[in-house]
Amino acid sequence: MNFSFELISLLRRTSKLVALTGAGVSQESGLRTFRDAQTGLWSQYKPEELASPEAFRRDPKLVWDWYAWRREAVKGVRPNPGHYALAEIEKRVPESILITQNVDGLHRMAGNQRLIELHGNIQRVRCADCCTYAETWGDDTESVPQCSACGGLLRPDVVWFGESLPRHQLEAAVEAARTCEVFFSIGTSGVVQPAASLAFAAHNRGAVVVEINAEPTPLTPKANYAFHGKSGEILPELVKAVWE
Ligand code: APR
């Protein structure tokens with residue numbers, strides 16, 4: 001992959017870099033993205049039918065089992081070179097911030113600390129009623145485990161369709177997008193709001209927008225640089241070209 005001298009020198013001198021990631025970054029770790037055709041046990045369900053408060057009210061056990069299955073899938077994978085390259089960028093760019101839509105926890109596992117998990121984290125579980133976090137819970141029970149504080153049903157600590165994002169994380173993400181000099185959009189189809197508007201907010205404030213994605217997205221026409229391919233291949237090459 002060729003990177004222009006212009007982009008390389010910009011990345012060498014910038015301090016205010018923001019990267020937004022989506023499911024595509026974890027694809028090379030073996031995790032399915034959302035809008036790939038689903039295979040296996042859950043192929044007949046659309047994520048929307050499983051990842052909403054209505055779905056949980058309708059059939060809490062079905063939703064609980066889906067997230068238990070996904071938690072097992074995440075436990076079985078490791079960060080890939082794309083995750084590690086983003087952790088390296090955090091070390092190299094003092095005020096860089098990583099915003100992720102992913103709930104798999106792989107960025108933290110790869111070493112990123114200045115991390116905003118916009119859609120929550122699948123490894124965390126809380127009460128659907130009183131929001132108390134549960135340290136332990138049974139995944140192989142006949143029914144959905146209950147909260148030890150109020151008896152309410154436990155649910156994954158992720159943002160479902162139709163739910164608002166955690167206010168503190170969203171405000172921090174919007175602020176970061178509005179004040180950055182360089183905005184990376186990596187492995188996201190850019191169709192889910194409000195995350196999809198962050199790159200446009202950065203662009204409108206004069207930031208240089210770089211897209212890394214397997215295919216073009218609605219952001220591509222606005223991007224100053226667009227690299228279409230695998231993030232686990234492109235990101236390590238970029239880090240090498242800029243800082244090594
Ligand atoms: N490298 C780079 N990009 C990739 C790769 C890869 N190895 N594999 C797939 N992609 C791209 C796909 O082309 C697609 O454009 O990643 C994008 C993934 O898009 P989605 O599946 O829509 O995932 P995402 O954008 O993260 O979804 C946003 O939607 O379902 C909700 O809450 C969920 O956080 C999720 C949100």
Probe 1.4 Å, accessible area per residue of the chain, Å²: 49
Length gained when the stretch Thr179-Thr220 is fully extended (0.36 nm per residue, less Cα-Cα span): 12.7 nm
What spacing in nm lies between the two simple spin-label points modelled at Asp129 and Ser4, each 7 Å away from Cα in the Cβ direction? 5.9
Given a 1.4 Å probe and every protein chain left where it sits, what share in percent of the accessible area of the range 19-125 is carbon and sulfur? 53
Based only on the alpha carbon positions, what is the Kirkwood hydrodynamic radius of the range 4-163, in angstrom? 17.3
Be a star and scan the range 1-19 for residues whose amide nitrogen sits under 16 Å from the point 7 Å along the Cα-to-Cβ vector of Trp243. 8-19
Pairwise label distance in nanometres, Met109 with Lys91, each label 7 Å out on the Cα-Cβ vector: 2.0
Dipole of the range 1-99, Cα-centred, from +1 at each Lys and Arg C-beta and -1 at each Asp and Glu C-beta, to the nearest 20 debye? 200
I'd like the chymotrypsin sites (Phe, Trp or Tyr not before Pro) in the range 23-80 restricted to DSSP loop residues with at most 15 other Cβ atoms within 10 Å, sorted by number. Tyr45
In the range 17-107, which GluC sites (Glu not before Pro) fall in coil by DSSP and have 15 or fewer other Cβ atoms within 10 Å? Glu95
At R0 = 22 Å the Cβ-Cβ FRET efficiency linking Trp137 and Ser43, nearest 0.05, sits at 0.25
Under 5 Å from the placed amide H of Val125, counting only residues 5+ away or on other chains, we find Ala134, Asp157
The chain - mean residue ellipticity at 222 nm from DSSP helices (-39,500 (n - 2.57) per run, n ≥ 4, rounded to 500): -10000 deg cm²/dmol
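The values are calculated or read from the model by the stated rules, or taken from the named source; none is laboratory data. Note that the structure is a prediction, hence the values are computed from the model and not measured. Ideal geometry is used to build each Cβ from the backbone, glycine not excepted, and the neighbour counts take in all protein chains shown. For the accessible areas, the whole protein counts, side chains as well, though only heavy atoms, and no ligand, DNA or RNA atoms are used. Shrake-Rupley method; radii C 1.70, N 1.55, O 1.52, S 1.80 Å.
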